[in-house]
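Report on the structure given below.
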Amino acid sequence: MKRFFSWLVLVVGLLIIAFVIRQCRSGNAANYQTATITRGPITQAVTATGTLNPVVNVQVGSQVSGNIAKLFADFNSEVKAGQVVAQIDPVLFQATVTQTEGDLANAQAALELARVNGKRTQELFAKKTSSQADVDQAVANLHQAEANVKIKQGALDKAKADLEHCAITSPIDGVVISRSVDVGQTVAASLQAPVIFAIANDLTKMQIDSNVAEADVGVVKIDQNVDFTVDAFPMQTFHGKVVQVRNAPITVQNVVTYDTVIGVRNPDLKLKPGMTANVSITIAHKDDVLQIKNAALRYRPPDATPVEIRRTSTSRAGRPGEGRSSTAQEGRAERTVYVWPGGASRPRPVQIKTGISDGIMTEVLDGLKEGDRVVTAELTSTAAAPSAPANPFGGGPRRFP
């Protein structure tokens, strides 16, 4: 019996020791939040906002001043090239045409008289009954009469042109998207042509004028695929392609952006001019690659060495929804992450190489394998004291009561 109790005490002691060791290890493991390295597709994109516009948008104005007598088109009216869309009161212009026609007829009569006088003077000079001065005067009068006829003819042509411009026509086939005047309103074309209609050529083909930040415009290329949404259809994703990256900078409050034109097909006419589009330009896409959460790239323990801090703080992945690309830098970047090996009391630093990022996950090129567990945050310093994730910009983790 003594031997039995001795063995029983020994077994119980071993069980107690094993239980304590297990509790200590589980308590240490609870200090860290981890994520598993997985495989899957990843897409790097540049986000921006823009405005939907027709590809061809013509503003139809008036070259003459006057009252709007008639309107032959309204909002959403379909018009053809050459169709009259508005009429300015032509009474004054018709009177000007009549007046200039009379002036021209008067000038032509004066020309005929000058020709007769010139011919008569030549005959008298041939008979030695007129002087050379009379001949020269007759020739000058003839030339003046001819020039006066040209002047009056030009005035008549201008008056007729102004009369024709009273009928405002559409220069293209399209749809009226804006009307700026009403019947009876006076338009003044003395300084600049007033806009009466805005006509879109074809609303089935539209474009997005998006503003891409200067930090991201270097990776935006023609023919890249684009996904975008509009507030009118939040559950539907539309598609397009980059057709132009304009070189003219747009500076607003010291923020420089570049107009990136995205071609969009609109066969069902759901998209309307002026809608705000939330654009995502696909820069790179890979299938079945190792992925790590960006939180693991930002994590740094309080007792990290200066070398680890420097490696962790550089080449950070961007955050989605800030008008920036998910990763502003191209190529491979060396980063330090902390791997939680099975049975260890604390994570160990591992140097890895990263690729593209979508703002949430980042591609792992080297240094990790599928199934590895990496630390994303430090939860507690003791078994009962919770804490926030470590601050990646300096100092230790912030403690919350």
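A few remarks follow.
One line per residue, one yes/no per condition, for (1) among the hydroxyl-bearing types (Ser, Thr, Tyr); (2) assigned to a strand (DSSP E or B):
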position	(1), (2)
Ile42	no, yes
Val46	no, yes
Thr49	yes, yes
Ile68	no, yes
Asp74	no, no
Thr98	yes, no
Gln108	no, no
Leu124	no, no
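- Test: residue in region 205-216 that is part of a loop (DSSP other than H, G, I, E, B), closer than 30 Å to Val85 by Cβ and either in contact with an Asp or Glu (Cβ under 9 Å, 6 or more places away or on another chain) or at pLDDT 95 or above (or both): no
- Taking the criterion of being farther than 12 Å from Asp74 by Cβ and of a type in the set (A, V, I, L, M, F, W, C), the residues of region 174-195 that qualify are Val187, Ala188, Ala189, Leu191, Ala193, Val195.
Matching residues to (1) among the charged types (D, E, K, R); (2) outside any strand (DSSP E or B); (3) surrounded by 14 or more Cβ atoms within 10 Å (Cβ to Cβ); (4) at positive phi:
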{"residue": "Ala147", "(1), (2), (3), (4)": "no, yes, no, no"}
{"residue": "Asp157", "(1), (2), (3), (4)": "yes, yes, no, no"}
{"residue": "Val175", "(1), (2), (3), (4)": "no, no, yes, no"}
{"residue": "Ser190", "(1), (2), (3), (4)": "no, yes, no, no"}
{"residue": "Ile196", "(1), (2), (3), (4)": "no, no, yes, no"}
{"residue": "Lys221", "(1), (2), (3), (4)": "yes, yes, no, no"}
{"residue": "Gly240", "(1), (2), (3), (4)": "no, no, yes, no"}
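- Counted residues, region 242-283 - those being in contact with a Pro (Cβ under 8 Å, 6 or more places away or on another chain), surrounded by 15 or more Cβ atoms within 10 Å (Cβ to Cβ) and of a type in the set (A, V, I, L, M, F, W, C): 0
- Within region 363-375, residues that are surrounded by fewer than 16 Cβ atoms within 10 Å (Cβ to Cβ) have Cβ atoms under 6 Å from residues that are among the aliphatic types (A, V, I, L, M) in these pairs: Glu370/Ile37, counting only partners at least 6 apart in sequence or on another chain.
- When residues of region 223-238 are limited to those that are surrounded by 16 or more Cβ atoms within 10 Å (Cβ to Cβ) and aliphatic (A, V, I, L, M), the one farthest from His285 (Cα to Cα): Val230
The values are calculated or read from the model by the stated rules, or taken from the named source; none is laboratory data. These numbers were taken from a predicted model, which means no experiment stands behind them. Here Cβ is always computed from backbone atoms with ideal geometry, including for glycine, and neighbour counts include all displayed protein chains.
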